[in-house]
Amino acid sequence: MDMEVQDARDRSFKRKRDDLPDSFPATNGGGGGGGGGGIDLSLLEAVERSQSTVEVLDLKTLKKLVLAFERRLKENIEARLKYPDHPERFADSEIELHEELQKLKVLAGGPELYPDLVSLNTIPSVLGLLAHENTDIAIDVVQLLQDLTDEDVLEDNDEPARVLVDALVENNVLELLVQNLQRLSESDPDEMAAVYNTLATIENLIEVKPAVAELVCEKTKLFRWLLTKIRQKEFDSNKQYASEILAILLQNSKANQKKLGQMNGVDVMLQAVAMYKSKDPKTQDEEEMLENLFDCLCCLVMPLENKERFLKAEGVELMIIIMKQKKSAYGSAIRALDFAMTKYPPACERFVDVLGLKTAFAAFMGKIPQYKKNKKERYQEDLEERVISLIASLFDGISRGSRRDRLLSKFVENEYEKIDRLVELYVRYSDRVKAEMERLNQLEFDDLEIDEDERYNRRLESGLYTLQLIAVILGHLWCSEHPGMRARIEQLLKLQKLSKEDVKEILQEYHDNIGDLDGPDEKERAQTKIQKFISAL
């Protein structure tokens, strides 16, 4: 957990115990504790209680805790109803209620008791306190919920976790958490910590019950709150966490992607990443936030209508500017363009029109800006694979006219250096896939059964998908019928002891495995195109 938030969380408990306002009467049991050597009996009792043996956490203890909590809750409700205009008359009952909520946290040590907690009908009482007039009580509940749903607590307790989360959702935990979130002020350290804990609880709920990701966006104004937070110019740990939660909500949900698109989400994301077009994040946390924002953007531009919004908001131009500035968002901008241009010709055309080819092919040739992050080998490979995918998208999206000629001419300029690079990449990825094949064969030799689907997926992960895209680009170049390009491709393959037959094999396997995720018509279109390359080769 972020240190700033942890400190705020620690302070919240100190404040409640040590810094109670003067209107909260002292509870010293009247035992002359002021001076003259008198003994404070309540203090002695407290010491005695703290030294008594810790109770075993079982059903009996649970019932005792729940009973004590319900009693304090009833007393607090009655005191508030009786003396609505005299806070000092209900202050004591509020302190006692706070203490009972703290005691309930011990239940996180016994998740197997969660079904009993639910059957005792305690959940509605606890959740009702999220709307308590005293924000401190609501904050106590948020902390309790975070503790009870913590990932480490729920590990290996799948069934109790499901029972608890189902009960929470049925009793409107999502609506109540978000309503409370909207009244918290982040200028107060305790409330800032509560914001963090609210987001953590929502993440925990999604972890146990993935359907919560769509439910929370359907039933609450969480999206609205998150967008407002993302718009904030200053960086803080809660802005980082908001970006992470947003990415989680978008990653597997078309409904959420479309909903956020309708709420001007594409524009908000573009404005948020634009802040880093000519500067780098100052800290690792800020760097993580920027990556989260790009994750959100990539998920957002998956539905067609959001690709249109991205284009209209000049997202293509912004990504090219970010690439040209060569700051740490360089690789993320390539990734966002790849997502935006996949199966969307208008973005491909705009990319060529605003002179994106020069920038993209510089990356293709390996001219990647150097900074700390990209010293990691995997970063370089990811970037390489993204650029290959982006060029394949360009070929797919631009089928004719002067833009197609400009794209093809890139492979002719400087004595066909781009074809040299393409074949170099083809050989590298081909070797990597062959090595994985040998490894899988050895596993089978060692009596580990691997079915065909698993084998194919493992080969895809080892680089087969990128190899297939390189073969597709070679197919486009061959079908251009440019004699110089054809001669260069044949010459380079021969040098590597390869032939067009090898490329055809890769294309054939790609053709046979094209799925119908985008519908039968799209599958047929894609297969027809690949078949054309195979025939031409």
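R0 = 56 Å: FRET efficiency of residue 437 with residue 89, Cβ-based, nearest 0.05?
Working: r = 78 Å, r/R0 = 1.40.
E(calc), rounded to 0.05, equals 0.10.
Please turn the phi angles of the range 166-183 into ³J(HN,Hα) values with the Karplus equation 6.51 cos²θ - 1.76 cosθ + 1.60 (θ = phi - 60°), one per residue in order, whole Hz, x for glycine and proline.
Once θ is set to phi - 60°, the couplings for the range 166-183 become 4, 5, 4, 5, 4, 9, 6, 4, 5, 4, 5, 4, 6, 4, 5, 4, 5, 9 Hz.
Here is the link list: 410/504; 324/529; 82/219; 418/494; 494/532; 105/229. Which ones come out longer than 27 Å on Cα distance?
Values: 410/504 24 Å; 324/529 33 Å; 82/219 34 Å; 418/494 17 Å; 494/532 23 Å; 105/229 29 Å.
Going by Cα-Cα distance, 324/529; 82/219; 105/229 fall outside the 27 Å limit.
Report, in debye and to the nearest 20, how large the dipole of the range 57-219 comes out about its Cα centre when Lys and Arg carry +1 and Asp and Glu carry -1 on their Cβ. Let's see the in-between values first.
On the way: 15 positive and 35 negative charges, 144 e Å.
The dipole of the range 57-219 has a size of about 700 debye.
Give me Rg/Rg_expected for the chain, where Rg uses Cα atoms only and Rg_expected = 2.2 N^0.38 Å with N residues.
Values: Rg = 30.5 Å, N = 537, 2.2 N^0.38 = 24.0 Å.
Rounded to two decimals, the normalised Rg is 1.27.
Plugging the Kirkwood radius over Cα pairs into Stokes-Einstein for the range 206-272, at a temperature of 20 °C and a viscosity of 1.002 mPa s, what D comes out in µm²/s?
Diffusion coefficient, whole number: 176 µm²/s.
Please work out the average accessible area per residue across the chain, using the 1.4 Å probe convention, and give it in Å². Numbers along the way, then the final one.
Numbers: 27020 Å² over 537 residues.
Counting only protein heavy atoms, the per-residue value for the chain is 50 Å².
Among 313, 284, 255, pick out the residue whose Cα is farthest towards the positive end of the charge dipole of the range 251-322, where Lys and Arg carry +1 and Asp and Glu carry -1 on C-beta, about the Cα centre.
Sorting the options by dipole projection puts first 255.
Consider just the alpha-carbon atoms of the range 67-161 and return their Rg together with their Dmax, both in angstrom.
14.4, 49
Treating the beta-carbon of each Lys and Arg as +1 and of each Asp and Glu as -1, no other charges, what is the dipole magnitude of the range 416-536 about its Cα centre, to the nearest 20 debye?
Working: 19 positive and 27 negative charges, 204 e Å.
Using only the charged Cβ atoms, the result is roughly 980 debye.
Can you classify the range 416-536 as rounded, prolate or oblate using the Cα gyration tensor, where a ≥ b ≥ c are the square roots of its eigenvalues, rounded means a/c under 1.5, and otherwise it's prolate if a/b beats b/c and oblate if not?
Details: a/c = 2.66, a/b = 1.30, b/c = 2.04.
Judged from the Cα gyration tensor, the range 416-536 comes out oblate (a/c at least 1.5, b/c at or above a/b).
Show me the ranking of peptides 333-346, 350-363 by mean Cβ neighbours inside 10 Å, starting with the highest. Don't skip to the answer; put the middle values down first.
On the way: 333-346: 22.8, 350-363: 18.1.
The densest-packed peptide leads the list: 333-346, 350-363.
Using a simple spin-label model with points 7 Å from Cα along the Cα→Cβ vector, what separation in nm is obtained for residue 521 and residue 156?
Result for the modelled spin labels: 5.4 nm.
Among the listed pairs 239/277; 239/343; 259/523, which are separated by more than 30 Å between their Cα atoms?
Numbers: 239/277 19 Å; 239/343 32 Å; 259/523 27 Å.
Violating the 30 Å Cα-Cα cut-off are 239/343.
Report, in degrees rounded to the nearest 10, the 0 to 90 angle that the Cα long axis of helix 315-325 makes with the longest principal axis of the chain.
80 degrees
Report the extension gain between residue 482 and residue 235 in nm, rounded to one decimal, defined as 0.36 nm multiplied by the number of residues separating them, less their alpha carbon distance.
Working: separation 247, 0.36 × 247 = 88.92 nm, distance 5.25 nm.
Additional length available on full extension: 83.7 nm.
Can you tell me the alpha carbon radius of gyration of the range 57-219 divided by the globular rule-of-thumb value 2.2 N^0.38 Å? Before the final figure, lay out each step's value.
Numbers: Rg = 15.6 Å, N = 163, 2.2 N^0.38 = 15.2 Å.
So the range 57-219 has a normalised radius of gyration of 1.02.
Please give the charge dipole size of the chain, origin at the Cα centre, charges +1 on K and R Cβ atoms and -1 on D and E Cβ atoms. Round to the nearest 20 debye. The partial results should precede the final answer.
Numbers: 75 positive and 100 negative charges, 619 e Å.
Result for the chain is approximately 2980 debye, rounded to the nearest 20.
In whole Hz and in residue order, list the ³J(HN,Hα) couplings for the range 221-227 that follow from phi through the Karplus curve 6.51 cos²θ - 1.76 cosθ + 1.60, θ = phi - 60°; x for Gly and Pro.
9, 4, 3, 4, 5, 5, 5
Loop only per DSSP, at most 11 neighbouring Cβ atoms within 10 Å: give me the GluC sites (Glu not before Pro) in the range 479-537, ordered by residue number. Could you put the intermediate results ahead of the total?
Numbers: sites: 481, 490, 501, 505, 509, 522, 524; in loops: 481.
The qualifying sites are 481.
Toward the positive end of the charge dipole of the chain, about the Cα centre and with charges on Cβ (Lys, Arg +1; Asp, Glu -1), which of 111, 496, 226 goes farthest?
The one lying farthest along the dipole's positive direction is 496.
Could you give the length gained on full extension between residue 508 and residue 452, defined as 0.36 nm per residue of separation minus the Cα-Cα distance, in nm? Please report the intermediate quantities before stating the final value.
Numbers: separation 56, 0.36 × 56 = 20.16 nm, distance 1.63 nm.
The residue 508-residue 452 span can extend by a further 18.5 nm.
Residue by residue through the range 297-306, which ³J(HN,Hα) values in whole Hz follow from phi under the Karplus form 6.51 cos²θ - 1.76 cosθ + 1.60 (θ = phi - 60°), with glycine and proline marked x?
4, 5, 5, 4, 8, 6, x, 3, 5, 7
Report, in degrees rounded to the nearest 10, the 0 to 90 angle that the Cα long axis of helix 237-251 makes with the longest principal axis of the chain.
For 237-251 against the chain, the angle is about 60 degrees.
Rounded to whole Å and sorted largest first, what semi-axes of the equivalent ellipsoid does the C-alpha gyration tensor of the range 227-375 yield via the square root of 5 times each eigenvalue? Display every interim value, and only then the final one.
Numbers: eigenvalues 100, 85, 29 Å².
Equivalent-ellipsoid dimensions as semi-axes: 22, 21, 12 Å.
Applying 1/(1 + (r/R0)^6) with R0 = 25 Å to the Cβ-Cβ distance of residue 254 and residue 460, what FRET efficiency is obtained, to the nearest 0.05?
Numbers: r = 23 Å, r/R0 = 0.91.
Here the calculated transfer efficiency is 0.65.
Run the numbers for residue 424 and residue 288: contour at 0.36 nm per residue of separation, minus the present Cα-Cα distance, in nm.
On the way: separation 136, 0.36 × 136 = 48.96 nm, distance 3.31 nm.
In short, 45.7 nm is gained.
Dipole of the chain (Lys/Arg Cβ +1, Asp/Glu Cβ -1, origin at the Cα centre): which of 205, 300, 137 lies farthest to the positive side?
Among 205, 300, 137, the one farthest towards the positive end of the dipole of the chain is 300.
For the pair residue 365 and residue 103, what calculated FRET efficiency results from E = 1/(1 + (r/R0)^6), where r is the Cβ-Cβ distance and R0 = 60 Å, to the nearest 0.05?
Numbers: r = 65 Å, r/R0 = 1.08.
My answer for the efficiency is 0.40.
Separation between the residue 82 and residue 280 pseudo-spin-labels, each 7 Å from Cα along Cα→Cβ, expressed in nm?
6.5 nm
Which distance in nm do the two modelled labels at residue 67 and residue 305 give, with both placed 7 Å along the Cα-to-Cβ direction?
5.6 nm
The values are calculated or read from the model by the stated rules, or taken from the named source; none is laboratory data. Values in this document were obtained by computation on a predicted structure and should not be read as measured data. In this analysis, Cβ positions are derived from the backbone assuming ideal geometry, glycine residues included, and neighbour counts consider all displayed protein chains. All accessible areas refer to the heavy atoms of the entire protein, side chains included, with ligands and DNA or RNA removed. Shrake-Rupley method; radii C 1.70, N 1.55, O 1.52, S 1.80 Å.
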